[in-house]
Amino acid sequence: KNEVEQSPQNLTAQEGEFITINCSYSVGISALHWLQQHPGGGIVSLFMLSSGKKKHGRLIATINIQEKHSSLHITASHPRDSAVYICAVELGGGATNKLIFGTGTLLAVQP
Amino acid sequence: DGGITQSPKYLFRKEGQNVTLSCEQNLNHDAMYWYRQDPGQGLRLIYYSQIVNDFQKGDIAEGYSVSREKKESFPLTVTSAQKNPTAFYLCASSMAGTRNSPLHFGNGTRLTVT
């Protein structure tokens, strides 16, 4: 079993729909990152959170430390949101900043 | 604009040849990382460096080497000892540690070895 599991693996939505991508992890963490990878391959950091909820534009990320679960929500989805969304957890303790990555969720938003 | 530049975007090599991937950042970040991405797998850490002239092995360092002679530069050499070098390689940087700062990624280099 992977230490970081994302669901779904693939998601197709119609423009305007509310989208949720889930991330579950099995290790103790100090922070969780949500990343976006576009078809060209470049990756952009969307959120870094260790508790609660963060919002940026149409994107919302939440984390429940007790349940070891995080969600990424996209409101009023648009075709330009089509990308791979990657969850990564940062292990707790120690001096290194080791991240464990999920395999990503491929999102396609159709007009 | 500040950012990370990886070059080249596509690289083709014959089996048995060493190849060096470039990574330059002008973000004044102390920490730099190299990741490998394969289809259906999460990114895996090859090497990382927290400070100039120092670097540590990640989870899959075998067959790779790095140097950190300058803060801005963290080149990765894929040696002939790497059994499956064909992959997408991503360089990233952060302020000293990712705990309080996000990762910044380059656009990647796709290496094909035949």
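The values are calculated or read from the model by the stated rules, or taken from the named source; none is laboratory data. This structure is a prediction, so every number in the text was calculated from the model and none was measured. Here the Cβ positions follow ideal geometry from the backbone for every residue, glycine too, while neighbour counts run over all protein chains shown.
From the residues in the stretch B:28-53 that are of a type in the set (S, T, N, Q) and either touching a Lys or Arg at 6+ places or on another chain (Cβ under 6 Å) or not in a strand (DSSP E or B) (or both), which one is nearest to the other protein chains (Cβ to nearest Cβ)?
B:41
Limited to the stretch B:79-94, what total is found for residues that are part of a loop (DSSP other than H, G, I, E, B) and surrounded by 16 or more Cβ atoms within 10 Å (Cβ to Cβ)?
Number of matching residues: 2.
When you check residue B:113 against the structure, is it touching a residue at least 24 places away in the same chain (Cβ under 8 Å), farther than 28 Å from residue A:49 by Cα, in contact with a Leu (Cβ under 8 Å, 6 or more places away or on another chain) and away from chain A (no Cβ under 11 Å), yes or no?
So residue B:113 fails the test.
Condition check: of a type in the set (S, T, N, Q), over 18 Å from residue B:102 (Cα atoms) and in contact with a helix residue (DSSP H, G or I) (Cβ under 9 Å, 6 or more places away or on another chain). Does residue A:110 satisfy that?
yes
Within the stretch B:69-78, track down each residue that is assigned to a loop (DSSP other than H, G, I, E, B) and either surrounded by 15 or more Cβ atoms within 10 Å (Cβ to Cβ) or under 11 Å from the mean Cα position of the chain (by Cα) (or both).
B:71, B:72, B:74, B:75
Can you find a residue in the stretch B:59-68 that is surrounded by 21 or more Cβ atoms within 10 Å (Cβ to Cβ), touching a strand residue (DSSP E or B) at 6+ places or on another chain (Cβ under 8 Å), within 14 Å of another protein chain (Cβ to nearest Cβ) and not hydroxyl-bearing (Ser, Thr, Tyr)?
No, the stretch B:59-68 contains no residue that is surrounded by 21 or more Cβ atoms within 10 Å (Cβ to Cβ), touching a strand residue (DSSP E or B) at 6+ places or on another chain (Cβ under 8 Å), within 14 Å of another protein chain (Cβ to nearest Cβ) and not hydroxyl-bearing (Ser, Thr, Tyr).
Spot the failing condition for residue B:97; the list is (1) more than 7 Å from chain A (Cβ to nearest Cβ); (2) modelled with pLDDT under 95, and only one is missed.
Only one criterion in (1) more than 7 Å from chain A (Cβ to nearest Cβ); (2) modelled with pLDDT under 95 is unmet by residue B:97, namely (1).
Scan (1) touching a residue at least 12 places away in the same chain (Cβ under 8 Å); (2) in a strand (DSSP E or B); (3) of a type in the set (S, T, N, Q) for the single condition residue B:56 breaks and write down its number.
Here residue B:56 meets the rest and fails (1).
Out of everything in the stretch A:12-38 that is in contact with a strand residue (DSSP E or B) (Cβ under 6 Å, 6 or more places away or on another chain) and of a type in the set (S, T, N, Q), what residue ends up being farthest from the other protein chains (Cβ to nearest Cβ)?
The extreme case among them is A:14.
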